[in-house]
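The structure appears below as structure tokens.
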Amino acid sequence: MRILMLGAGGVGGYFGGRMVQTGSDVTFLVREGRAAQLEAGLRIESPHGDATIPVSYITGPADTGPFDVIALSCKSYGLAGALEAIAPFVREGVFILPLLNGFGHLDAIAERFPEAIVWGGSAGVIATLTEDGVVRQMHPNQLISAGLRPAQPQGAETLAALIAEMKAAQITAFASPDIEGAMWEKWTFLTTLAAATCLMRGSTGQILATDYGKSMLAALFDECIRTAIAEGCPPSPNHDVDYRGMLFDPNGIFTASMMRDMDAGGPTEADHIIGDMIARAARHGIETPMLKVGYTRLQVHEAARAK
């Protein structure tokens, strides 16, 4: 199986690098600056072991031959550019696996590439790309779920082969029978996590240690859950991941990547994650006062960046 991985940062670099280690045929599509860092190999620092991995990479259209799967590991604010970057490699029937947070990107990809088959996907890894080009994993979790969408239920055999290659790389990977539901579950978790940690500037455990932290987290999570139910995706009784347990673990060390993006003075996925959740809730008449507070904080950050 030939895989094109758009991006070699915290998500794409980590999962793609681990797959290369165990023999998968992965080519990274990256910008020029990242390509220069990859000349000496893709460097990973991880609780599962550090590594410097020789990888194949390109920076634009190239005579690579056809790919079976194109995986997207960009941030949501980079989606438009990412779709332009992969356009030369999209062919009739190619499978696209987006590993983005949120939900709205699925329609955007399908509309841009009607000739492709767009799977649903979700990645669970706490990792970042350092300024000197190291993919640093901060927590041992390394999870990918992927699945066929009702709108395009093709490619079960190819998906199974991809999952098998991920498992060979010691990634906790599985094909979800309800990938859109799984994506919604992660989205409700991530929206709560982002709003809370960006507001409070601390981890979930630090927030829970305060007098009103638990009630604040509960209110945020409730707004998200009610929105998911209204959208036809209630939480499953058999969760793939215990997101509630993660949020309310008193020893939790979780912070959103959005908070780390703020700390670095960079752009955030506020519109795609929190803004879209608020908009969907409003369509169903659901009030989201807590989410609006978190979103306002992130809008202040974006306005400051614009200046």
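Brief remarks on what is shown
- Scan the stretch 92-122 for residues that are within 19 Å of ILE274 (Cβ to Cβ) and among the aliphatic types (A, V, I, L, M) and the total you get is 3.
- ASP249 being under 20 Å from GLN206 (Cβ atoms) and assigned to a loop (DSSP other than H, G, I, E, B): yes
- Which listed residue is surrounded by fewer than 19 Cβ atoms within 10 Å (Cβ to Cβ) and assigned by TED's automatic domain parsing to the domain that holds ARG18, from GLN142, GLN152: GLN152
- Verdict on THR191 being more than 19 Å from the chain's Cα centre (by Cα) and under 28 Å from LEU291 (Cβ atoms): no
- None of GLY252, GLY205, GLY181 is small (Gly, Ala, Ser), farther than 17 Å from ASN141 by Cβ and free of Cβ contacts under 8 Å to residues at least 60 places away in the same chain except GLY181.
- When each of LEU129, LEU97 is tested for being in contact with a strand residue (DSSP E or B) (Cβ under 7 Å, 6 or more places away or on another chain) and either surrounded by fewer than 18 Cβ atoms within 10 Å (Cβ to Cβ) or more than 19 Å from PRO66 (Cβ to Cβ) (or both), the lone residue that passes is LEU129.
- Tally of residues being within 28 Å of ALA256 (Cα to Cα) and not in a helix (DSSP H, G or I) across the stretch 4-25: 8
- So THR64, is it of a type in the set (S, T, N, Q) and either without any contact (Cβ under 8 Å) to a residue 24 or more places away in the chain or part of a strand (DSSP E or B) (or both): no
- Those residues of the stretch 85-123 which are more than 19 Å from the chain's Cα centre (by Cα), acidic (Asp, Glu) and in a helix (DSSP H, G or I), in sequence order: GLU111
- Close pairs (9 angstrom Cβ cut-off, 6 or more residues apart or separate chains): part of a helix (DSSP H, G or I) in the stretch 33-52, aromatic (Phe, Trp, Tyr) and surrounded by 12 or more Cβ atoms within 10 Å (Cβ to Cβ) anywhere: ARG34/PHE28; ARG34/TYR57; ALA35/PHE28; ALA35/TYR57; LEU38/PHE28; LEU38/TYR57
The values are calculated or read from the model by the stated rules, or taken from the named source; none is laboratory data. Not measured: the values here are computed from a predicted model. Virtual Cβ from ideal backbone geometry, glycine too; neighbours counted across all protein chains shown.
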